[in-house]
Every structure is written in C-alpha cells, then in structure tokens.
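Take a look at the structure below.
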Amino acid sequence: MAFEGLTERLQKAMTNLRRKGKVSESDLRDTMREIRLALLEADVNFTVVKDFVKTVRDRALGAKVLEGLNPAQQIVKIVNEELTKTMGETAVPLNKSAKIPTVIMMAGLQGAGKTTTVGKLALKLKNEQNARPLMIAADVYRPAAIQQLQQVGQQIDVPVFEMGTDVDPVEIVRQGMVEAEANHNDYVFIDTAGRLQIDEQLMTELANIKDLVHPDEILLVIDAMTGQNAVNTAEGFDQKLDVTGVVLTKLDGDTRGGAALSIRAVTGKPIKFVGQGEKMTDLDVFHPDRMADRILG
Ligand code: GDP
C-alpha cells in the first residue's frame, strides 16, 4: 500500500494534537516537528518539506487557529490543503491537438514502465473516447522491447508500427507518422528507448524525435519506488526535453510516497497519471486532492 508509513505517522501526530483540546504554540511546534520527520522519512525532497512545514505553521498562526474552536481539526484541514497544493491542486488532463493525430511521446529510464503505460493509456483512450491509437516502437536497442509492445498491442487490440532494430529511431517515427496519417489514427504514442541512467546519446535521440514531431504531450514515466532518485531523474529529463507531464508508475509498491509528493514542487510539471499495478487497466488520473485524503487516511 502506498504511503503506509506516512499515513500512520501523520495520523499519530494528529491524534496527539486532538487529545490536547486546547493547543499551545509549543504543541503546534511539536506537531510540526512530527510532520517534518514523517515527510522526511517518506523520502520527500528536503526543500519541499521545509517549505511545506513553514507554510502550514504560518497559516495556523496567521489564522489564529490556536485561539479558535477545535484547533486540531483546523490544522488537519490546513495540512490537507497544503498537501493538495504541493501535488498540484487539480488534475491536469492530457493535451489534445486541434487536428488529429494527437502525438504523445513517452520518455523515461529503462524499466520505469514506458511500454506498459503506453498500453494502459491507449486502452483508456479507446475505452473512454473510442479513440483509434497507433503505437510506434522506437526502442531499437532492446529487441525484446518491440515484442513487448506488440504483445501489449495484441492484448488491447491496438496496432503497432515497427521497423525492427536496424533503422534509426527518428526515421521509424517519421514513417510511423505517415502511417498514422494514412490510417487516420487520432492518437499516436511513441514508445522510446530508456537507459539505466540519463546519458547524452539518449537525450540527443529523444530531442531529435521531439524536433521531428513536435509532440502535443511529452510524458515522463517515473518509477515511484525510486523515491528521491525519481525526482532527480525527473529534473534531468525535464531540463533536456521540457516535458509536459509525468506518469508516476508503481505507486502500488511505493510504501513511502516521496516521489508523489516532491515531483510537482521540484519540477513544476504536473503528475497526470499514476500506475497502480501491472494490469492494463491499472492506470488512474492523478487527483491531488484525493491523494491528499488518502495520505491523511
Ligand atoms: P519500460 O522499460 O520503461 O518500457 O518499462 P516496462 O513497461 O517494461 O515496465 C517494467 C516493469 O514494470 C514491467 O514488469 C511492468 O509490468 C512493471 N510496471 C509498470 N507499471 C507498473 C505499475 O504501475 N505497477 C506495478 N506494480 N508494476 C508496473
């Protein structure tokens, strides 16, 4: 379950506070210390934690919460609102092109969940909008990558454009776009190569694909289980590619939650979807307010 430790610790801090009835400034200080530790232990970015704690404290003092009725409840409300804000306030929909096809390019490290997410998103669009997507296999470095996308395609009944592994990925994408136009596909997904870590060659290749097709959406796929590394990776990709959104995968296995709470605040880029399992239907729109409710338990 995601956020296990954080939920438990925040609940404990809030229960301690509720027990007080009347809350003094020193009680508030203690609570803020507990929240700070809970967030740091959940692997939330240090600066994000610092800003968060300061904002909650300032708001509580500014609104004279301690003098009012039910201070504990007011503080819980402020924490909930600030968690929501930290994660981006509202859900951000996929960009859509005025004329078809809408082009969605995926980027991310190897194993982050790009191929799986392409399938999940294509299925979602098919089910919800009756969309007719085409998926382009542009990872030529791992022969298994093309097969994997083809298997996903068969599973969800969405066509895959591929040219094997001997053609330059930019050329594959160029020809894939021609195919999409000919077939009037309304969405094109570009499944790109990943590496174990960010490297120049990969970034250049991704930048070349971006320059060729000017995607409506560049979705950075990030593995939530990698915590602060996920945040660093997101920053690295974003600097080179100026991504339009993030998909946070494997939230089902992320017991801490640091990436979910840090990525928006650190990169300024919205988390648009979260992956919550290996099945093709395990993809959800990211709602910061619902996530904040879930974190507070
Ligand atoms: P890629 O190298 O970035 O294309 O990553 P893949 O799509 O091949 O995914 C790597 C592994 O992560 C696969 O075993 C997927 O089933 C798994 N995976 C992807 N998304 C999720 C998710 O949201 N939850 C879980 N539990 N596993 C996921």
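In table form, for the structure just shown:
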item: One residue from Val158, Val152 being surrounded by 20 or more Cβ atoms within 10 Å (Cβ to Cβ), within 16 Å of the ligand (Cβ to nearest atom) and assigned to a helix (DSSP H, G or I); result: Val152
item: Set Ala230, Ala207, Ala224, Ala265: member being at negative phi, away from the ligand (no atom under 12 Å from the Cβ) and surrounded by 23 or more Cβ atoms within 10 Å (Cβ to Cβ); result: Ala230
item: Options Ala137, Ala72; residue that is touching a residue at least 12 places away in the same chain (Cβ under 8 Å), in contact with a helix residue (DSSP H, G or I) (Cβ under 6 Å, 6 or more places away or on another chain) and more than 27 Å from Gln276 (Cα to Cα); result: Ala72
item: In segment 268-285, the residues that are within 12 Å of the ligand (Cβ to nearest atom) and touching a residue at least 12 places away in the same chain (Cβ under 8 Å); result: Phe273, Val274, Gly275, Gln276, Gly277, Glu278, Met280, Thr281, Asp282, Leu283
item: Filter result (within 15 Å of the ligand (Cβ to nearest atom) and part of a loop (DSSP other than H, G, I, E, B)) within segment 239-255; result: Val243, Lys250, Asp254, Thr255
item: Which listed residue is polar (S, T, N, Q), within 30 Å of Thr204 (Cα to Cα) and at pLDDT 95 or above, from Thr115, Thr84; result: Thr115
item: Yes/no for Ala180 being surrounded by 13 or more Cβ atoms within 10 Å (Cβ to Cβ), touching a residue at least 60 places away in the same chain (Cβ under 8 Å) and among the aliphatic types (A, V, I, L, M); result: yes
item: Evaluation of Gln197 against (1) in a loop (DSSP other than H, G, I, E, B); (2) touching a helix residue (DSSP H, G or I) at 6+ places or on another chain (Cβ under 7 Å) (one fails), failing number; result: (2)
item: Count of residues meeting criterion [within 11 Å of the ligand (Cβ to nearest atom), not charged (D, E, K, R) and not in a strand (DSSP E or B)] in segment 116-145; result: 7
item: Any hit, segment 101-108, residues being open to solvent by 10 Å² or more (accessible area, probe 1.4 Å), assigned to a loop (DSSP other than H, G, I, E, B) and either within 16 Å of the ligand (Cβ to nearest atom) or in contact with a strand residue (DSSP E or B) (Cβ under 8 Å, 6 or more places away or on another chain) (or both); result: yes
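The values are calculated or read from the model by the stated rules, or taken from the named source; none is laboratory data. Since the structure is predicted, the reported quantities are computational estimates derived from the model, not experimental observations. Cβ atoms come from the backbone with ideal geometry, glycine included; neighbour counts cover every protein chain shown. Ligands, DNA and RNA are excluded from the accessible area calculation, which covers all protein heavy atoms including side chains. Shrake-Rupley method; radii C 1.70, N 1.55, O 1.52, S 1.80 Å.
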